[in-house]
1. Can you tell me the length gained on complete extension of the stretch residue 270 to residue 35, counting 0.36 nm per residue apart and subtracting the Cα distance?
2. Once you treat every alpha carbon in the stretch 112-169 as an equal point and sum by Debye, what is log10 I(q)/I(0) at q = 0.16, 0.17 Å⁻¹?
3. In whole Å, what are the Cα extents of the stretch 1-139 along the three principal axes, biggest one first?
4. Per residue, how much space in cubic angstrom lies within the convex hull of the C-alpha atoms of the stretch 235-324?
5. Hey, quick one: spin label on residue 81, modelled 7 Å out along Cα-Cβ, who in the stretch 13-33 has an amide N within reach, i.e. under 11 Å?
6. Full-extension gain between residue 99 and residue 127, please, as 0.36 nm times their residue separation minus the C-alpha to C-alpha distance.
7. Let me know the Kirkwood hydrodynamic radius for the stretch 28-103, please, with Cα pairs as the basis and the value in Å to one decimal.
8. Roughly how tilted is helix 57-89, in degrees to the nearest 10 and between 0 and 90, from the longest Cα axis of the chain?
């Protein structure tokens, strides 16, 4: 994690000029949005006035068709400009932040955690129909290797209206930051630490709902603060208690309090998997306000710094276990 004074120096000496250079592109995109909106309004008024003149039907069809084609083409070109702007931002600003955190880390803006790793975690067992991600970082912190990226998984939900009309909806399974790291121990079972939404919503009745998860046996632990935030399931009660030491449980509470969104952990194979649910887009520049903003840079640095926080809080470099 970059200390704030160093980050401010980095911003003033390296990033500010790069962000300022991108401002022309950002303003051009904003201008295209404004022109596009005015164009849509103008075409709508023109077609409305045309219809009131009662022209032949084919004239209306041609006019509306050309308006639609022109509108879609303009939207397509604008989206291309925005894509190029985001690409430039990631390859200069975001890449520089990652490099400053640790020059040994590798950053790939258009890659993400593999589907195999996502499935192995067991955190989100629902079958997905869309799997997207970006801002992939891989590296090592002392002895601990890790992978990290933004991720978004969805499934398609089909419903039928009163008249039997088919409608498709895309439902989010998970959106946010996903990470896995070496735990330096081969687990014989699987252990899940999940948000305890049932108890938070339904109180004591929620405790009975916890047993219906299908993730394994419910594990009750002796940390009241931890129990309020998380619910634990495991295929091996003894091993789960071996993993979730008082220190680890306290670390998970600290992580929950430090980061926004729901927090998920799983211990599978020899890896610890971590997911932080965040709904907004991450590591991307703003279009509707100036991108020359230190707070935006600090927010991105803090998100990448989450990797170091997790490794430190979970004591992954301590190596209190050895792999068998």
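Nothing in this text is a laboratory measurement; each read-out follows from the coordinates by a stated rule. Quick caveat, the model's predicted, so the values are computed rather than measured. With ideal geometry, Cβ positions are generated from the backbone for all residues, glycine too; neighbour counts draw on all protein chains shown.
1. Numbers: separation 235, 0.36 × 235 = 84.60 nm, distance 5.43 nm.
Extra length available between residue 270 and residue 35 comes to 79.2 nm.
2. -0.64, -0.69
3. That gives 68, 44, 18 Å along the principal axes, largest extent first.
4. Details: hull volume 11.3 nm³, N = 90.
In the stretch 235-324, the Cα hull volume divided by residue count equals 126 Å³.
5. Once the point is set 7 Å along Cα→Cβ of residue 81, 25-33 turn out to lie under 11 Å by backbone N, inside the stretch 13-33.
6. Working: separation 28, 0.36 × 28 = 10.08 nm, distance 3.55 nm.
Length gained between residue 99 and residue 127: 6.5 nm.
7. Working: mean 1/r = 0.0657 Å⁻¹.
So the Kirkwood estimate lands at 15.2 Å.
8. Long axis of 57-89 versus the principal axis of the chain: about 40 degrees.
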